[in-house]
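See structure below.
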Amino acid sequence: MTINLDPRVPAGPLADKWENHKFSMRLVNPANKRKFKIIVVGTGLAGASAAASLGELGYEVEVFTFHDSPRRAHSIAAQGGINAAKNYHNDGDSVYRLFYDTIKGGDYRSREANVHRLAELSLNIIDQATAQGVPFAREYGGLLDNRSFGGAQVSRTFYARGQTGQQLLLGAYQALMRQVDRGSVKLHTRTEMLDLVVKDGRAVGIVTRDLVNGAISRHSGHAVVLATGGYANVFFLSTNAKASNATAIWRAHRRGAAFANPAFTQIHPTCIPASDEFQSKLTLMSESLRNDGRIWVPKRAGDNRPPNDIPMAERDYFLERMYPAFGNLVPRDVASRAAKRMVDAGHGVGPLQNGVYLDFANAIDRLGRNTIAERYDNLFQMYERITDEDPYQVPMRIYPAPHYTMGGLWVDYNLMTTIPGLYALGEANFSDHGANRLGASALMQGLADGYFVLPYTIGDYLAEYLNTDPVPTSHEAFGEVEAGVRERVSGYLNTNGTRTVDWFHRELGKIMLEHCGMARTESGLDKALAEIPALHEEFKADVRVLGESESFNQSLERAGRVDDFFELAQVMCLDAKNREESCGGHFREEYQTPEGEALRRDNEFAYVAAWDWTGDPGSPELIKEPLEFENVKLSTRSYK
Amino acid sequence: MNITLQVWKQEGPDRAGRFATYQVDDIEPEMSFLEMLDILNERLVSQGDDPISFDHDCREGICGTCGVMIDGQAHGPQLGTATCQLHMRKFRDGDTITVEPWRAAGFPIVRDLVVDRTSFDRIIEAGGYITVDTGAAPDANLIPVPKDVAETAFDAAACIGCGACVAACPNGAANLFTAAKINHLNLLPQGQAERWARTEAMVEVMEEYFGSCTNHGECEKACPKEISIDFIAWMNRDYVKAKVKNRRLMGQKA
Ligand SMILES: Cc1cc2nc3c(=O)[nH]c(=O)nc-3n(C[C@H](O)[C@H](O)[C@H](O)COP(=O)(O)OP(=O)(O)OC[C@H]3O[C@@H](n4cnc5c(N)ncnc54)[C@H](O)[C@@H]3O)c2cc1C
Ligand code: FES
């Protein structure tokens with residue numbers, strides 16, 4: 001069965017589409033809302049905002065997270081900020097400009113209508129968060145402050161010291177807890193969704209495992225919302241929290257939800273380079289540092305003098321040299337690749353020669369140490385704790401690391417996946433960011449989805465099912481899924497192999513970073529596509545998970561997640577191989593300009609690549625959603 | 001580096017716990033404390049021994065998931081640092097390190113070093129929010145907030161909810177956590193409407209789960225975000241006021 005990829009974009013002029021759509025959608029009247037039960041998986045910005053808003057509207061909501069508290073979702077770690085086209089600074093910003101920057105930043109691989117809606121809603125998000133008590137940075141007059149971020153020439157980023165994610169998530173979490181207190185939302189913590197239940201082609205529930213006592217249970221609802229985050233941990237070493245994983249969306253994919261643009265992953269330019277083999281994760285240094293820090297390497301390859309001993313004339317400020325208009329503020333993909341080129345050419349710095357400098361000396365001279373401390377002190381402290389070096393005295397060392405995944409479950413304009421009744425929000429879906437996400441836009445998208453899009457669009461679907469009960473959990477559709485989950489769980493425990501889950505995860509990560517990371521080639525991807533299934537077979541035969549399933553068992557949790565990463569990794573490589581062009585975060589070495597910049601091939605590849613599960617992760621079916629651009633002209637991104 | 005670890009092992013909330021001793025050799029000073037535990041766990045599993053359960057996620061000191069007592073100190077010897085940000089260079093070759101879970105009546109043990117902190121969620125649920133339905137907010141710049149006020153509210157809002165304050169307190173009190181949460185909102189103009197009701201409700205739920213504060217000040221020292229105990233004084237002041245205030249006259253000058 002070939003699935004239907006109708007994006008359901010409303011008709012009309014771009015700026016009116018969302019307004020018109022809100023009017024034409026069916027509504028559920030307030031008294032009827034409590035007759036609908038909605039399952040929300042995930043309590044990050046997208047999930048918490050959605051669950052809270054649905055609860056406020058009167059729906060019966062059940063929300064699940066594998067964390068011990070909703071507040072711990074990975075969104076908490078976002079540092080830099082959130083974009084909004086408020087134009088509080090009178091510097092020429094507008095909804096249209098934010099729309100345009102996002103489409104362009106995404107290298108023309110996203111849907112115009114979705115992105116425009118996102119830019120419109122950005123205004124409401126800042127209002128909502130401020131009213132909740134989110135302590136955004138302020139100026140002396142008491143009004144909100146902004147800063148600029150990569151890929152934009154206006155100041156539209158709202159921030160809360162270096163903890164914008166934590167403060168926004170606390171706002172959403174508090175709104176969620178208010179609904180828990182009111183009884184409209186039921187919260188299940190330390191509970192992991194392990195599969196989706198589909199009956200007659202509709203999503204009707206989920207099967208979960210209680211991570212404390214191992215109990216497997218069934219939950220049914222009129223609709224299921226996945227807000228389960230991204231999959232950058234497929235690389236093992238990434239900036240994501242250790243537990244971030246793809247199981248929820250991957251299991252949904254196996255049940256029929258198409259997976260869009262899996263190869264569109266973002267490598268963030270400013271992370272602390274790995275210090276050795278035992279490294280467990282990579283730490284991001286907020287992109288906002290590029291506002292005041294200057295990036296450079298020694299002009300002479302292999303120059304290992306201490307940075308402060310290298311005279312100005314012997315430094316290469318390569319971003320400023322290559323991209324004079326944007327300088328250190330070029331988008332992430334451009335900055336990352338430039339750093340990689342420098343390190344590959346032997347200009348890397350630090351003990352392992354695997355970094356470039358991010359230097360604040362000029363900014364400290366110009367603005368004074370206090371101003372710099374006010375802006376970045378917590379980031380500087382974080383850096384010092386990890387590296388034992390003081391960035392006020394010596395330049396930071398940074399290097400790109402896997403950070404964000406633009407790909408995810410395919411969704412239409414209503415955020416519904418190809419399975420009716422199943423929605424995907426936040427980083428878990430593929431919408432809005434195209435082939436590259438601009439800084440400070442993920443928080444914006446997660447909150448737009450959760451606060452302002454889903455609460456409208458879900459009613460349009462539910463209206464059809466008024467006065468029908470959710471499918472009872474005693475139905476055989478639930479029984480079958482539960483049996484599969486039990487088999488999977490006991491399978492890991494009974495393998496009795498010799499290698500740990502982490503060993504396999506690390507090996508998988510190495511293959512992915514090497515062949516499906518910052519630069520990709522057909523032959524490399526072929527190699528990965530041979531190595532990954534082989535390693536996966538070894539995993540199935542030789543993994544060692546101790547203990548039992550009826551108790552708190554962290555190796556068992558990880559085994560299932562890594563098992564799913566193996567399958568996802570293959571589709572990522574297939575997608576990267578299929579896309580014979582370079583765009584955004586996807587760089588195919590065969591497709592570059594003579595200057596080494598990405599070479600897009602719009603005639604062949606201006607489409608969303610959605611992959612449908614066929615039962616074999618090595619041969620999914622490709623379905624294309626053509627992208628039509630009625631408002632912006634496709635041009636080569638230039639940051640010179 | 002070679003380290004000897006004494007780690008609390010406990011299979012479940014109702015099981016008896018004990019210390020187990022592990023020899024961890026060939027550790028690098030650049031490793032984080034949790035990476036050292038990762039390596040130990042890898043070795044344990046390879047030998048067929050039960051790994052140590054411990055909570056963690058972001059590994060950058062912001063999610064508040066990690067947290068253990070290291071040689072009797074919540075989050076270990078380095079001030080203003082969560083367990084996940086602690087590096088082995090803070091220890092010496094040959095050290096013996098004792099690792100225990102948070103110990104407090106309000107935080108039952110789940111397994112080994114993992115505890116149940118849902119009591120914190122209950123405190124938030126009681127009133128740790130500003131009531132504003134989605135879509136009901138006025139323009140963000142309508143209400144200016146003086147920079148100093150915003151900064152102080154932020155100092156309170158920086159709390160990551162890890163529970164170190166409770167673990168460090170001889171009485172197992174959660175006053176620093178609760179005060180941080182209350183003051184974040186009570187200081188802001190947006191939080192005034194619910195100020196008194198919030199304070200009363202949150203303090204009273206806190207008292208159901210946790211011990212009483214007798215001003216030891218250990219919480220402030222243990223806090224990875226260095227949240228000031230001044231907030232506790234402000235919370236106490238607001239609590240007393242909340243009790244005597246005639247809320248129907250609120251909004252009028254006292
Ligand atoms: C270090 C870092 C800094 C960042 N900084 C910025 C920034 O400054 N600005 C910006 O815009 N973006 C930033 N980002 C990106 C942004 O933080 C994320 O994209 C965004 O927060 C994702 O939110 P989310 O709600 O989609 O998912 P998450 O916050 O990842 O939440 C996922 C939720 O799903 C739950 N979950 C997942 N799977 C399951 C399952 N199977 N069962 C039950 N529950 C499950 C988890 O428990 C969690 O509650 C940053 C990212 C990182 C890594
Ligand atoms: S793991 Fe997140 S604070 Fe330590």
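The values are calculated or read from the model by the stated rules, or taken from the named source; none is laboratory data. What you are looking at is a predicted structure, and each value in this text was computed from that prediction instead of being measured. Note: ideal-geometry Cβ built from the backbone for every residue, glycine included; neighbour counts use all protein chains shown. For the accessible areas, the whole protein counts, side chains as well, though only heavy atoms, and no ligand, DNA or RNA atoms are used. Shrake-Rupley method; radii C 1.70, N 1.55, O 1.52, S 1.80 Å.
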For every helix of n ≥ 4 consecutive DSSP H residues, a contribution of -39,500 (n - 2.57) applies; sum these over chain B, divide by its total residues, and give [θ] at 222 nm rounded to the nearest 500 deg cm²/dmol.
-> -10000 deg cm²/dmol
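Of all DSSP beta bridges in the protein assembly as shown, what percent run antiparallel (nearest 5)?
Antiparallel bridges make up about 70 percent of those DSSP assigns within the protein assembly as shown.
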Given the candidates A:Cys271, A:Pro331, A:Asn304, the one whose Cα lies deepest towards the positive end of the charge dipole of the range A:265-349, counting +1 at each Lys or Arg C-beta and -1 at each Asp or Glu C-beta, is A:Pro331
Potential extension, B:Arg89-B:Gln192 segment - 0.36 nm per residue separation minus Cα distance = 32.5 nm
With a ≥ b ≥ c taken as the square roots of the eigenvalues of the C-alpha gyration tensor of the protein assembly as shown, please select rounded if a/c is under 1.5 and otherwise prolate if a/b is larger than b/c or oblate if it is not?
-> rounded
Candidate lysines - alpha carbon under 19 Å from A:Lys242, same-chain residues fewer than 8 apart omitted = A:Lys281, A:Lys510
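Let me know the whole percent of all Cα-Cα pairs from the range A:435-480 that are separated by more than 11 Å.
Values: 791 of 1035 pairs.
So the pairs more than 11 Å apart make up 76 percent of the total in the range A:435-480.
Please state the shape class of the range A:268-402: rounded when a/c is under 1.5, otherwise prolate if a/b exceeds b/c and oblate if not, all from the C-alpha gyration tensor. Display every interim value, and only then the final one.
On the way: a/c = 1.25, a/b = 1.06, b/c = 1.18.
In terms of gyration-tensor shape, rounded.
Looking at the square roots a ≥ b ≥ c of the eigenvalues of the Cα gyration tensor of the range B:117-253, which shape do they give, rounded for a/c under 1.5, prolate if a/b is larger than b/c, or oblate?
Working: a/c = 1.78, a/b = 1.48, b/c = 1.20.
Because a/c hits 1.5 or more and a/b exceeds b/c, the range B:117-253 counts as prolate.
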For the modelled label position 7 Å from the Cα of A:Ala345 along Cα-to-Cβ, which residues of the range A:266-307 have backbone nitrogen atoms closer than 16 Å?
-> A:295-303
Cα centroid separation, the range A:73-143 to the range B:170-188 (Å) | 31 Å
R0 = 56 Å: FRET efficiency of B:Asn2 with A:Ser24, Cβ-based, nearest 0.05?
-> 0.20
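Round to a whole number: what % of the accessible area of the range B:117-253 belongs to carbon and sulfur, probe 1.4 Å? Let's see the in-between values first.
Details: 2970 of 5780 Å².
Carbon and sulfur atoms account for 51 percent of the accessible area of the range B:117-253.
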In whole angstrom, the spacing between the Cα centers of the range B:6-68 and the range A:417-487 equals 36 Å
Selected from B:His75, B:Val24, B:Leu5, residue furthest toward positive end of dipole (the range B:3-110; charges at beta carbon) | B:His75
Report, in deg cm²/dmol and to the nearest 500, the calculated mean residue ellipticity at 222 nm for chain A, where each DSSP H run with n ≥ 4 adds -39500 (n - 2.57) and the sum is divided by the residue count.
-> -11000 deg cm²/dmol
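Determine the dipole magnitude for the range B:1-149: charges of +1 sit on the beta-carbon of Lys and Arg, -1 on that of Asp and Glu, nothing else is charged, the reference point is the Cα centre, and the result goes in debye to the nearest 20.
Details: 13 positive and 25 negative charges, 90 e Å.
My answer is approximately 440 debye.
Could you work out the relative contact order of the range A:29-98, using alpha carbon pairs under 8 angstrom and six or more residues apart, expressed as a whole percent? Numbers along the way, then the final one.
Numbers: 75 pairs, mean separation 19.8, N = 70.
Relative contact order, the range A:29-98: 28 percent.
Of the listed pairs B:Lys9/B:Lys90; A:Lys37/A:Lys186; A:Lys199/A:Lys624; A:Lys33/A:Lys186; A:Lys104/A:Lys633, which have alpha-carbon separations greater than 19 Å here?
On the way: B:Lys9/B:Lys90 24 Å; A:Lys37/A:Lys186 11 Å; A:Lys199/A:Lys624 26 Å; A:Lys33/A:Lys186 16 Å; A:Lys104/A:Lys633 10 Å.
With Cα atoms farther than 19 Å apart: B:Lys9/B:Lys90; A:Lys199/A:Lys624.
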Rounded to the nearest 20 Debye, what is the dipole magnitude of the protein assembly as shown about its Cα centre when Lys and Arg each give +1 and Asp and Glu each give -1 at the C-beta?
-> 2060 debye
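Ranking request for peptides B:112-125, B:219-232: highest mean number of other beta-carbon atoms within 10 Å first, then the rest in descending order.
B:112-125, B:219-232
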Which length gain, in nm to one decimal place, applies between A:Glu589 and A:Ser474 when the Cα-Cα distance is subtracted from 0.36 nm times their residue separation?
-> 36.1 nm
Using only the Cα atoms of chain B, construct the convex hull and provide its projected area averaged over every direction, in square nanometres to one decimal.
-> 16.3 nm²
Positive-end residue, the range A:457-497 charge dipole about Cα centroid, Cβ charges, pick of A:Val485, A:Tyr465, A:Asn496 = A:Asn496
Place a +1 charge on the Cβ of each Lys and Arg in the range B:117-253 and a -1 charge on the Cβ of each Asp and Glu, then give the dipole magnitude about the Cα centre in debye, rounded to the nearest 20.
-> 460 debye
Residue separation times 0.36 nm, minus the C-alpha to C-alpha distance between A:Glu538 and A:Asp616: what's the value?
-> 26.4 nm
Quick one: Cα centre-to-centre distance for the range A:343-368 and the range A:507-571, in angstrom?
-> 34 Å
